[in-house]
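> First, the structure itself, so that you have it in front of you.
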There are 2 protein chains.
Amino acid sequence: MKQETRKEEIIRVAAKLFKEKGYSAVTMRDLATAMGIKAASLYNHINSKQDILNTIIISIAEEFTQGMKLVQDSKLSCIEKLKQIVALHVKIASENIYGMASLNNDWMHLETQLNYYLSLRDNYEKDFLSIIQQGIESSELKEVNPEIIMFSMLTTLRSLYIWIPKKEELNVNDLANNLNKVLIHGINI
Amino acid sequence: MKQETRKEEIIRVAAKLFKEKGYSAVTMRDLATAMGIKAASLYNHINSKQDILNTIIISIAEEFTQGMKLVQDSKLSCIEKLKQIVALHVKIASENIYGMASLNNDWMHLETQLNYYLSLRDNYEKDFLSIIQQGIESSELKEVNPEIIMFSMLTTLRSLYIWIPKKEELNVNDLANNLNKVLIHGINI
DNA sequence: CCCTCAAACTAACACTTGTTAGTTAGCGTT
DNA sequence: AACGCTAACTAACAAGTGTTAGTTTGAGGG
């Protein structure tokens, strides 16, 4: 159990505030108050407000990229790959509830790292789409517009951070299994 | 074809800016520039920045509430009701692409109207959940956690505004039909 | 020709923003 | 005792914030 540095603590608290009000609405004085110090003192630990956002978003985005790579390199069937992706999202979302909010809602406030983020997101979606297309070609999946399938799955998965905190007892495996049922097999009898 | 008033034009342009950068990051000077006038001139037409947000969010939220009421009062089967709800979201999202962004991302910046908005949203979700629960009881739907079903459908539907603009040719009926297939019947063979 | 009115303008306000500079206090090591 | 390090502080700045007051412009109707 590695001890959290002061910098990590600031970033963690910042992510929580960013989730509640959004990046732009959170001031350095808000963040300082939440940390119990003065705004200027924050700069002993961090470079800038922007830098906090960069750290939060890019670290999670890279985690997703890495996870997708593992899924792609596996020899699983299409449906099994999709289940792995669901599990990936449940895992990352449950471990980064606050950061996921910034990833979803504040990515446009990135500056120097904006293009890098967009390229990660783009590639992720391309890889996701390609898995679905292969599933349709091999008749594992129904012949529905693959973009609609991806959109439906991805928006649900990307919104997990909103919903997970509302569940008192969270069993990550249970949630992933239930989501697999609903997303892959549908809801009707 | 009713002519758009200057006030309506400002609100429409504001919604577009709010979608791109979020409510807090859009200044009255940004909005004025987009309108081709000076910031102070905006106040000949609108009361405050807050008021613009109120108008955007509350009008759409009430549209959803009204639509849900119609669905509830119908004598349709559960599955047919869910299809009506999908159609409702596709319709409202396609007609309010910009406003939907504020509804999803900037509702927390409401002040006087925050509680009213939250009550509308709460009731909407309760009604949605109740339809799903009835569907499970009457064996129209699989016996899966009804909250997960609602969460999955609702997050997909609420994110439509992100995705609709990316589709060159948008046929509202096509989109609703495809979403129904994916959300209700699943994606596997 | 004057009046009205919508819609723009300039100038200014009080306050908030992110950030910097320079300083101080406490603590462990030499 | 002196040093260096961490982490806080006060004070300040320049730019930007939403908003108000008062004024000007131009078009249309009596």
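> Only one residue in A:V144, A:V86, A:V90 is closer than 21 Å to A:K181 by Cβ and either facing chain B (nearest Cβ under 10 Å) or outside any helix (DSSP H, G or I) (or both). Which one?
A:V144
> Considering segment A:6-26 alone, what residues qualify as being without any contact (Cβ under 8 Å) to a residue 12 or more places away in the chain and not charged (D, E, K, R)?
A:A25
> Would you say A:T112 is at the interface with chain B (Cβ under 10 Å from one of its Cβ atoms), among the polar types (S, T, N, Q) and either open to solvent by less than 50 Å² (accessible area, probe 1.4 Å) or under 28 Å from A:K16 (Cβ atoms) (or both)?
no
> Can you tell me which residue is nearest to the other protein chains (Cβ to nearest Cβ) among those in segment B:31-41 that are more than 7 Å from DNA strand D (Cβ to nearest atom) and on the phi < 0 side of the Ramachandran plot?
Result: B:L31.
> On the given criteria, is B:S139 at the interface with chain A (Cβ under 7 Å from one of its Cβ atoms) and either touching a Gly at 6+ places or on another chain (Cβ under 8 Å) or buried (at least 21 other Cβ atoms within 10 Å of the Cβ) (or both)?
Answer is no for this residue.
> Please specify each residue of segment B:18-30 satisfying the condition of being part of a helix (DSSP H, G or I), within 11 Å of DNA strand D (Cβ to nearest atom) and at the interface with another protein chain (Cβ under 10 Å from one of its Cβ atoms).
Across segment B:18-30, the qualifying residue is only B:K21.
> Take B:E20 and tell me if it is surrounded by 14 or more Cβ atoms within 10 Å (Cβ to Cβ), acidic (D, E), at pLDDT 95 or above and more than 16 Å from DNA strand C (Cβ to nearest atom).
no
> Among the residues of segment B:167-184 satisfying the criterion of being at the interface with chain A (Cβ under 7 Å from one of its Cβ atoms) and out of contact with any Lys or Arg (no Cβ under 8 Å at 6 or more places or on another chain), which is surrounded by the fewest Cβ atoms within 10 Å (Cβ to Cβ)?
Applying the filter and picking the extreme gives B:N178.
> Out of the residues in segment B:27-53 that are touching a residue at least 40 places away in the same chain (Cβ under 8 Å) and surrounded by 17 or more Cβ atoms within 10 Å (Cβ to Cβ), state the one that is farthest from the chain's Cα centre (by Cα).
Among residues in segment B:27-53 that are touching a residue at least 40 places away in the same chain (Cβ under 8 Å) and surrounded by 17 or more Cβ atoms within 10 Å (Cβ to Cβ), the one farthest from the chain's Cα centre (by Cα) is B:I52.
The values are calculated or read from the model by the stated rules, or taken from the named source; none is laboratory data. Please read all numbers here as calculations on a predicted model, not as lab measurements. Every residue, glycine as well, gets a Cβ built from its backbone with ideal geometry; the counts of neighbours run over all protein chains shown. The protein model used for the area step is the full one, side chains on, heavy atoms only, and it has no ligands, DNA or RNA in it. Shrake-Rupley method; radii C 1.70, N 1.55, O 1.52, S 1.80 Å.
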